[in-house]
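Written out below as structure tokens is the structure these notes cover.
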Amino acid sequence: MYATISADIVSSTTLSIDETIALKKKINDQFVSLSCKFPGFWGRLIKGDYIECLVPNPSAALRIALILKTLVKSFDIERTKKNKQFSTYGIRIAIGVGEMRIIDRNEDIMDGEAIYRSGRSLSKMGTPSKGTMTIDMYDARLLQSLRTIILLVDALLNSATRRQSEVLHYKLMSLNENEIASIMCMKQSAINQHSTAAKWYCIEAALKYFETLDFYGYASYSMVADEPVRFTRRR
């Protein structure tokens, strides 16, 4: 059982060339950090604005998705009317949970149920104003609850400022407020204020719930999907 993350950067064409290059480096550097923090993690950036990630432990998928979301939301750019959507939403993200048929890093292939679910969910996603995060999985009973939780967390993140998003990003990476204050050259009390204003306690509660789910257990008695799962080769 795996989780995959498919994501695309909102309004990426509104960024300058220098901003695009800097953001790409930031995302690739984050992939390196995530591979150290989460064994077996594999992330790749395709065509500059499309992200695919493999997460061997499905329970870690929401945290990783939020790390990516806050990373992009906290990226410092010159704010204009053209890139307002990028500043507000950052990226759209879909999590898929299921089996994988092929995982081949040397050939750069992810193929299977999980990546199909995340890719399909992302392609079906509407305008950013109606939500930028979702999930698809095999168990219909659990699915609706998780979609509701993720939708609420997404709304909180979309309302966060750039500075609040940066604080949330470091918290999601398991840094304490004193460590974050040192990195951001701020007082610990200011970090706490940003954290409180961004409703970190709500996000943390959602994460704790997601991370305690037994996805393997749910798979043993999952309900039959309404439509057959197809496998899509992605390069």
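The values are calculated or read from the model by the stated rules, or taken from the named source; none is laboratory data. Here the structure is a predicted model, which is why all the values come from computation and not from measurement. Ideal geometry is used to build each Cβ from the backbone, glycine not excepted, and the neighbour counts take in all protein chains shown. Accessible surface areas use protein heavy atoms only, side chains included; no ligands, DNA or RNA. Shrake-Rupley method; radii C 1.70, N 1.55, O 1.52, S 1.80 Å.
What number of residues within the stretch 92-106 satisfy the criterion of being under 13 Å from the mean Cα position of the chain (by Cα) and surrounded by 24 or more Cβ atoms within 10 Å (Cβ to Cβ)?
Step one: list which residues in the stretch 92-106 are under 13 Å from the mean Cα position of the chain (by Cα), which gives 92-96.
Still in the list and also surrounded by 24 or more Cβ atoms within 10 Å (Cβ to Cβ): 93-96.
Going through the stretch 92-106 one residue at a time, the tally reaches 4.
With the stretch 1-81 as the region, which strands (runs of 3 or more DSSP E) entirely inside it contain at least 1 residues that are touching a Cys at 6+ places or on another chain (Cβ under 8 Å) and under 24 Å from Asp214 (Cβ atoms)?
Numbers: elements: 2-9, 42-46, 50-55.
Counting at least 1 such residues, we get 2-9, 42-46.
Restricting to the stretch 14-45, what's the tally of residues that are surrounded by 13 or more Cβ atoms within 10 Å (Cβ to Cβ) and among the β-branched types (Val, Ile, Thr)? Quick ask: steps written out before the conclusion?
The first filter runs over the stretch 14-45 and keeps only residues surrounded by 13 or more Cβ atoms within 10 Å (Cβ to Cβ), leaving 14-15, 19-20, 22-24, 26-27, 30-31, 33-35, 37-38, 41-45.
Among the residues that remain, those that are also among the β-branched types (Val, Ile, Thr) are: 14, 20, 27.
Within the stretch 14-45, residues that are surrounded by 13 or more Cβ atoms within 10 Å (Cβ to Cβ) and among the β-branched types (Val, Ile, Thr) number 3.
Given the structure, is Val72 touching a residue at least 60 places away in the same chain (Cβ under 8 Å), out of contact with any Asp or Glu (no Cβ under 9 Å at 6 or more places or on another chain) and open to solvent by less than 50 Å² (accessible area, probe 1.4 Å)?
Numbers: touching a residue at least 60 places away in the same chain (Cβ under 8 Å): yes; out of contact with any Asp or Glu (no Cβ under 9 Å at 6 or more places or on another chain): yes; open to solvent by less than 50 Å² (accessible area, probe 1.4 Å): yes.
It is true that Val72 is touching a residue at least 60 places away in the same chain (Cβ under 8 Å), out of contact with any Asp or Glu (no Cβ under 9 Å at 6 or more places or on another chain) and open to solvent by less than 50 Å² (accessible area, probe 1.4 Å).
Could you say whether any residue in the stretch 1-23 is of a type in the set (Asp, Glu) and closer than 21 Å to Gly126 by Cβ? Please lay out each step first, then the result.
The first filter runs over the stretch 1-23 and keeps only residues of a type in the set (Asp, Glu), leaving 8, 18-19.
With closer than 21 Å to Gly126 by Cβ added as a condition, the list becomes 8.
Yes, the stretch 1-23 contains a residue that is of a type in the set (Asp, Glu) and closer than 21 Å to Gly126 by Cβ.
Can you tell me which residue within the stretch 124-139, out of those that are in contact with a Leu (Cβ under 9 Å, 6 or more places away or on another chain) and assigned to a loop (DSSP other than H, G, I, E, B), is surrounded by the fewest Cβ atoms within 10 Å (Cβ to Cβ)?
We begin by selecting, within the stretch 124-139, every residue in contact with a Leu (Cβ under 9 Å, 6 or more places away or on another chain); these are 131-137.
Imposing the further condition that a residue be assigned to a loop (DSSP other than H, G, I, E, B) reduces the set to 131-132, 137.
Numbers: Gly131: 18, Thr132: 27, Met137: 27.
Checked the stretch 124-139; the qualifying residue surrounded by the fewest Cβ atoms within 10 Å (Cβ to Cβ) is Gly131.
Is it the case that some residue within the stretch 140-154 is under 15 Å from the mean Cα position of the chain (by Cα), touching a residue at least 12 places away in the same chain (Cβ under 8 Å), over 23 Å from Leu213 (Cα atoms) and surrounded by 18 or more Cβ atoms within 10 Å (Cβ to Cβ)? Steps first, answer last, please.
Just the residues of the stretch 140-154 that are under 15 Å from the mean Cα position of the chain (by Cα), to begin with: 146-147, 149-154.
Subset that is touching a residue at least 12 places away in the same chain (Cβ under 8 Å): 146-147, 149-154.
Filter once more, so that each one left must be over 23 Å from Leu213 (Cα atoms): none.
Within the stretch 140-154 (the criterion being under 15 Å from the mean Cα position of the chain (by Cα), touching a residue at least 12 places away in the same chain (Cβ under 8 Å), over 23 Å from Leu213 (Cα atoms) and surrounded by 18 or more Cβ atoms within 10 Å (Cβ to Cβ)), the answer is no, since none of the residues qualifies.
Mind checking which pairs have a first residue in the stretch 2-31 that is farther than 19 Å from Met133 by Cα and a second that is among the aromatic types (Phe, Trp, Tyr) and surrounded by 15 or more Cβ atoms within 10 Å (Cβ to Cβ), Cβ under 7 Å, 6 or more apart or different chains?
Cβ pairs passing all conditions: Thr14/Phe86; Leu15/Phe86; Leu23/Phe75; Lys26/Phe75.
Does the stretch 157-170 include one or more residues that are under 15 Å from the mean Cα position of the chain (by Cα), among the hydrophobic types (A, V, I, L, M, F, W, C) and not in a loop (DSSP other than H, G, I, E, B)? Can you show your working first?
If we filter the stretch 157-170 for residues that are under 15 Å from the mean Cα position of the chain (by Cα), which is where we start, we get 157-158, 165-166, 168-170.
Remaining after also requiring among the hydrophobic types (A, V, I, L, M, F, W, C): 157, 168.
Within this subset, residues satisfying the condition of being not in a loop (DSSP other than H, G, I, E, B) are 157, 168.
Yes; the residues of the stretch 157-170 include at least one that is under 15 Å from the mean Cα position of the chain (by Cα), among the hydrophobic types (A, V, I, L, M, F, W, C) and not in a loop (DSSP other than H, G, I, E, B).
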